[in-house]
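In what follows, a structure is listed as structure tokens, so that the remarks can point back to it.
No value in this document is a laboratory result; all are computed from the given coordinates. None of the values given here were measured: they were computed from a predicted structure. For neighbour counting, all protein chains shown are included, and Cβ atoms are generated from backbone atoms with ideal geometry for every residue, glycine included.
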Amino acid sequence: MAATADVPQEPRSLRRMQSGRGLVNRALRWLRANLFSSVANSLTTLVLLALLIKGLAGLAQWGIWDAVWDTSGNDSSACRAVRGVGACWAVIPEKYRFILFGTYPFEQQWRPALAVVVFIALFYLSTRRFFWRRELVYLWMAALILIGVLMWGGVLGLPFVSQERWGGLPVTLILATFGLAFGFPLGIFVALGRRSRLPAIRSLCVLYVELIRGVPLISLLFMASVMFPLFMPGGFNLDKLLRAQIAIVLFAGAYLAEVIRGGLQAVPRGQHEAADALGLSYWRKNRLIILPQAIRHVIPPLVNTFIAFFKDTSLVLIIGIFDLLTTAKTAIIDPVWQQFSVEVYLFVATIYFAFCFAMSRFSRRLESQATPRN
Amino acid sequence: MTIATDRPPPRKRLRLSLGSREFAGLIWQILVVAIAVAVIIWLWSNTVHNLSARRISTGFAFLSREAGMPIADTWLAYSPKDTYLWAFVVGVTNTLRVAAIGIVLATILGTMIGIARLSANWLLSRLAAVYVEVLRDIPLLLQLLFWYVLMQGLPPARTAWKPVDGVFLSNRGLVLPSIPIGTAQLWVLGAAGLGLLVSYAVRRHLIARQMQDGKPRHVWPYALPLIVLLPALVSWHLGASWTITWPELRGFNFAGGLTLAPEYFALLIALVTYTSAFIAEIVRSGIQAVPRGQWDAAIALGLRRSFMLRHIVLPQALRVIVPPLTSQYLNLTKNSSLAVAIGYQDIVSVANTTLNQTGQAIEAIALIMAVFLTISLSISFFMNWYNARIALVER
């Protein structure tokens, strides 16, 4: 009974088409079922199709046919001629080195480029189920050290490059990845603390989580950039990038703690009791029994949180740190190219989109593996 | 036979042995609290020392000084001669103005897209999916800058776009026809609000009576006079006028009508489109969470489609939708702080300017945090109340 309710009533003409074996018939049948199943549906399809074609045609006209792809040198006169009609993609080849790597010494820019490749490889390996074991932690440590060596230099014959000159995509990746690498353990401790039976520890953790989650990230970044020097003993100060990184770690820790807490709640009571019965200590119990199960439960929401962080690192623009978005915004201060910020923003948006889309696909795949759909 | 004893169960005694769990717990707590307190004292003493070294006075005395900062786009009367305190109040109203309208619009748009995502029409559901995926995977700040740049690229006021009569879109922002709201009009709106509240109470009362005797009662004989006649009476009594003022071009700018400044309009568009993508996913999963059997049962009972949606599907879907929706509302409110990047003067932007002018960093940031914590807590209290109201009551 329930099974038949799912089968849509097919009109006779549709059934006749079903008998045909050809590809055309199958396509027609699909069209009929999915786009023209009723009068209202057909109308919707036609209106949407008209709008879509008009929109895409306009976009293609602007972005492809009327666009300027190349100009000679630092000259935007060809772009100015088509302003408002066509896109000026010529700004991208002119500025992409600055957008991607900021003010990093030009002839050394293979180093941040290589660091980006290491980051991507690290992310890719972390998504493989095969690597979900303890060795992943060592892999992360090794990769992060390698990235540090590449970016700073000063050893192995690489000239030293100070943090003030870093910029662009590597900075975005560093802020996101280190925020994650330090925020994750912090989140675990806070999540455990929030579920602890010790009232003082529990209330400290609740206070921390609610305080951080109640305020916007910008206010934390302001705090890091303006108030941090006041907090430290006289004369002692940290680099601006590091201060922003600390704010992002604190921020990430609070949000990750809430996600992990959800996972902890999903671990059945019997697991705790069994671990206690075996006489395991609190830390061994959590490390060996509870946390592996808890984290496995919440991998999809964890990935979603990572996506949110990756995007949120762009907020450091407001305190003047040269991440990918800031370099893009700085690149178009150049009066020659000032009018073509839309093109530059689209270019940067594509980079952000590529990273986030990959992560969101991964999260979607995990979810569909966790709940097989019939 | 069992004999009831009055003796209390033996009290647990704190055993001071290193192996006991209570003792270990106590030690841990003392340790953690001591570290936390020590860190706070250390930071505090550093701060006090630094402040005195830099000759910065602490406290909120600066709030009564003249602010001297211009705020372009406000609903409240403000001039740079006003105090910092008033500048902060104006900033808070600007934050609330964009957050409240943003929440309403994002909910409407998000619901529409979430339903479109479930449409039987393949094209519509794919387009909705693309919308969600693209907007979710690009940082909000980037989208905000993008919209702002587009806004600045619009034609000047003289050659403004006119999508509909009386609506102008130019680099001065969006200009709409409006009805001027004065004291009289506010009284009328207040009367309508009061009528709505009373009608709601009447409706609850009528439903409670129906629960007792089973007779359905209509609410409109009470609601109609309360919501329509009462405000109309007030309006007639006060002689409030409800003429629409149409914007018109005078010189280089518009006169009359309601102007949404480009900064406000860009922020609103960015917040609404970005948040609506998240709300769409929440609405979609909420509707999908209603078991198929509930639809089947409603169809088998022969219920009308509208009745079925209103009384069977929606109440169950809302139970899944409301908690994540709350956090989206909170996110939108917190994200409105990105306004500082395009120069819309919300609370963060005002505090930032104050900080630069006076050097009162701690106070300015404390004010930002206090404002956002208050807003966050109020929204979550309201939503928890609402959530408890619609929660499943099992017998």
Next on the checklist: I need the calculated FRET efficiency for the pair B:ALA297 and B:ILE35, taking r as the beta carbon distance and R₀ as 41 Å, to the nearest 0.05.
Outcome noted: 0.10
Checklist outcome for this item: For the stretch A:324-374 the trypsin sites (Lys or Arg not before Pro) that pass both the DSSP coil test and the at-most-16 other-Cβ-within-10 Å test are A:ARG373
Checklist entry - Dipole of the stretch B:158-232, Cα-centred, from +1 at each Lys and Arg C-beta and -1 at each Asp and Glu C-beta, to the nearest 20 debye? => result 140 debye
Checklist entry - Simple spin-label model, 7 Å along Cα-to-Cβ: B:PHE307 to B:ALA232 in nm? => result 3.1 nm
Item to check | the stretch A:318-374, Rg to Rh (Cα coordinates; Rh as Kirkwood inverse mean 1/r) | outcome: 1.27
Item to check | Set of aspartates and glutamates with alpha-carbon distance to A:LYS329 below 16 Å, sequence-local pairs under 8 removed | outcome: A:GLU94, A:GLU343
Checklist entry - Counting each DSSP H run of 4 or more residues in chain A as -39500 (n - 2.57), what helix-only mean residue ellipticity at 222 nm follows after dividing by all residues, to the nearest 500 deg cm²/dmol? => result -21000 deg cm²/dmol
Next on the checklist: For a quick size check, give me the Cα extents of the stretch B:181-242 along its three principal axes, largest first, whole Å.
Outcome noted: 46, 14, 13
Checklist entry - Could you work out the helix-only [θ] at 222 nm for chain B, with each DSSP H run of four or more residues adding -39,500 (n - 2.57) and the total divided by the number of residues, to the nearest 500 deg cm²/dmol? => result -21000 deg cm²/dmol
Next on the checklist: Give me the base-10 log of I(q)/I(0) for the protein assembly as shown at each q in 0.07 Å⁻¹, Debye formula, one uniform scatterer per Cα, rounded to two decimals.
Outcome noted: -0.67
Item to check | For the stretch B:69-138 and the stretch A:212-285, distance of Cα centres in Å | outcome: 30 Å
Next on the checklist: How large is the direction-averaged shadow of the alpha-carbon convex hull of the stretch A:42-161, in nm²?
Outcome noted: 13.4 nm²
Item to check | For the stretch A:91-370, alpha-carbon Rg over 2.2 N^0.38 Å | outcome: 1.10
Checklist outcome for this item: Computed from the beta carbon distance with a Förster radius of 45 Å, FRET efficiency for B:VAL48 and A:PHE130 to the nearest 0.05 stands at 0.25
Checklist entry - What's the exposure ranking of A:MET151, B:MET112, A:MET223, going from fewest to most Cβ atoms within 10 Å? => result B:MET112, A:MET151, A:MET223
Checklist entry - Sequence-distant or interchain residues sharing an amide H contact under 5 Å with A:ALA67, placed H: which? => result A:ALA87
Next on the checklist: Show log10 I(q)/I(0) for the stretch A:134-200 at q = 0.11, 0.23 Å⁻¹, two decimals, from a solvent-free Debye sum over equal Cα scatterers.
Outcome noted: -0.41, -1.04
Next on the checklist: No partner Cβ under 4.7 angstrom, meaning no disulfide-compatible partner by this rule: which Cys of the protein assembly as shown qualify?
Outcome noted: A:CYS205, A:CYS356
Next on the checklist: What does the structure give for A:163-171 when I average, per residue, the other chain Cβ atoms found within 10 Å of the residue Cβ?
Outcome noted: 0
Next on the checklist: I'd like the mean, over residues of B:352-362, of how many other protein chain beta carbons sit within 10 Å of each residue's own Cβ.
Outcome noted: 2
Checklist entry - Which whole-number percentage describes the relative contact order of the stretch A:127-263, with Cα contacts under 8 Å and a sequence gap of 6 or more? => result 32 percent
Checklist entry - Does the stretch A:224-374 classify as rounded, prolate or oblate by the C-alpha gyration tensor (a ≥ b ≥ c root eigenvalues; a/c under 1.5 gives rounded; else a/b over b/c gives prolate, otherwise oblate)? => result oblate
Item to check | Protection proxy ranking, peptides B:193-199, A:225-231, A:25-31, average beta carbon neighbours within 10 Å, highest first | outcome: A:225-231, B:193-199, A:25-31
Next on the checklist: Please compute the contact order of chain A in relative form: average sequence separation of alpha-carbon pairs under 8 Å and at least six residues apart, divided by the residue count, as a percent.
Outcome noted: 17 percent
Item to check | Per-residue HN-Hα couplings for the stretch B:93-109 [Karplus 6.51, -1.76, 1.60; θ = phi - 60°; Hz; x = Gly/Pro] | outcome: 5, 5, 4, 5, 4, 6, 5, 5, 5, x, 4, 4, 5, 5, 5, 5, 4
Checklist entry - If you stretched the chain out fully between A:ASN237 and A:PHE106, how much longer would it get, using 0.36 nm times the residue separation minus the C-alpha to C-alpha distance? => result 44.3 nm
Item to check | Ranked list, fewest to most other Cβ atoms within 10 Å of each Cβ, for A:ILE332, B:ILE35, B:ILE279 | outcome: B:ILE35, A:ILE332, B:ILE279
Checklist entry - What are the lysines whose alpha-carbon lies under 28 Å from the alpha-carbon of A:LYS54, with same-chain residues fewer than 8 places away excluded? => result B:LYS162
Next on the checklist: Once you compute Rg and the Kirkwood Rh from C-alpha atoms, what is the Rg to Rh ratio for the stretch B:301-395?
Outcome noted: 1.24
Next on the checklist: Could you order the peptides B:379-386, B:344-351 from most to least packed, using the average number of other C-beta atoms within 10 Å per residue?
Outcome noted: B:344-351, B:379-386
Checklist entry - Length gain on complete extension for the stretch B:ALA184 to B:SER378, per 0.36 nm per residue less the alpha carbon to alpha carbon distance? => result 66.9 nm
Item to check | Partner chain coverage, peptide A:198-206 - average Cβ within 10 angstrom | outcome: 4
Checklist entry - FRET efficiency for B:ALA77 and B:ASN387, Cβ-Cβ distance as r, R0 = 45 Å, nearest 0.05? => result 0.70
Next on the checklist: Using each residue's phi in the stretch A:339-353, evaluate 6.51 cos²θ - 1.76 cosθ + 1.60 at θ = phi - 60° and report the 3J(HN,Hα) Karplus result to the nearest Hz, with x for Gly and Pro.
Outcome noted: 7, 10, 5, 4, 5, 5, 4, 5, 4, 5, 4, 4, 5, 4, 4
Checklist entry - Each residue of the stretch A:271-288 in turn: what ³J(HN,Hα) in whole Hz from Karplus with 6.51, -1.76, 1.60 and θ = phi - 60°, glycine and Pro shown as x? => result 5, 4, 5, 4, 5, 5, 5, 6, x, 6, 6, 3, 5, 5, 4, 5, 5, 8
Checklist outcome for this item: Shape call for chain B, from the Cα gyration tensor axes a ≥ b ≥ c (a/c under 1.5 means rounded, otherwise prolate when a/b beats b/c, else oblate), comes out oblate
